[in-house]
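The values are calculated or read from the model by the stated rules, or taken from the named source; none is laboratory data. No experiment lies behind these values; they were computed from the predicted model shown. Cβ: placed from backbone, ideal geometry, glycine included. Neighbour counts: every protein chain shown.
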């Protein structure tokens with residue numbers, strides 16, 4: 001397999017795993033809501049789970065799926081997983097604090113884009129910390145994260161309610177971080193060849 005096939009495969013694995021991780025998080029969340037509603041007798045979803053709790057569960061499955069791809073690509077991938085979770089906790093908590101209503105529920109286009117920048121920046125910085133030990137140009141990860149999350153928030157609308165929106169929530173950010181991941185891997189390979197020469 002040549003280098004470009006390996007890069008394409010890494011990109012496809014990254015985007016696919018991220019999308020499946022996002023979808024799995026929503027499926028798990030809504031399954032828990034349905035089960036709790038059946039057990040507790042018609043409890044309203046909004047009363048049972050806040051947006052913060054929904055996105056905490058989704059972030060966990062999303063990050064786990066991404067880690068599954070990265071575990072072969074970087075050293076100490078468990079640190080990346082823990083840093084990502086810390087980033088998500090920070091992003092979700094601060095977004096809920098800033099917005100007062102939790103994540104995603106914003107009424108203006110500018111508010112959604114700001115929220116995307118906010119989430120992308122906090123999660124991106126948290127993920128950059130372990131990536132910088134593996135890649136010299138890892139700071140580009142933050143830019144990819146900010147672009148991906150702000151574009152997602154610009155197009156997603158006021159809330160994530162359908163399967164297409166749930167899938168888009170996994171695809172949009174991972175396209176940009178996936179491109180950065182491929183570029184970082186390529187740059188690291190070029191640098192290793194330069195040192196070996």
State whether the residues of the stretch 115-125 include one that is under 14 Å from residue 181 (Cβ atoms), at pLDDT 90 or above and surrounded by 15 or more Cβ atoms within 10 Å (Cβ to Cβ).
yes
Pick from the stretch 39-51 the residues that are surrounded by fewer than 17 Cβ atoms within 10 Å (Cβ to Cβ) and part of a helix (DSSP H, G or I): which of them is modelled with the lowest pLDDT?
48
Name the pairs whose Cβ atoms lie under 6 Å apart, with the first residue in the stretch 75-103 and in a loop (DSSP other than H, G, I, E, B), the second surrounded by 14 or more Cβ atoms within 10 Å (Cβ to Cβ) and modelled with pLDDT under 90, and 6 or more positions between them or separate chains?
102/50; 102/51; 102/52; 102/96; 103/51; 103/55; 103/92; 103/95
Pair list, Cβ < 8 Å and 6+ apart or interchain, from the stretch 132-145 residues that are at negative phi to residues that are loosely packed, with under 15 Cβ neighbours inside 10 Å and outside any loop (DSSP other than H, G, I, E, B)
136/191
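Yes/no matrix, rows are residues, columns are (1) crowded, with 21+ Cβ neighbours inside 10 Å; (2) touching a strand residue (DSSP E or B) at 6+ places or on another chain (Cβ under 6 Å); (3) at pLDDT below 85; (4) not in a loop (DSSP other than H, G, I, E, B):
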| position | (1), (2), (3), (4) |
| --- | --- |
| 129 | no, no, no, yes |
| 133 | no, no, no, no |
| 137 | no, no, no, no |
| 142 | yes, no, no, yes |
| 147 | yes, no, no, yes |
| 154 | no, no, no, yes |
| 158 | no, no, yes, no |
| 165 | no, no, yes, yes |
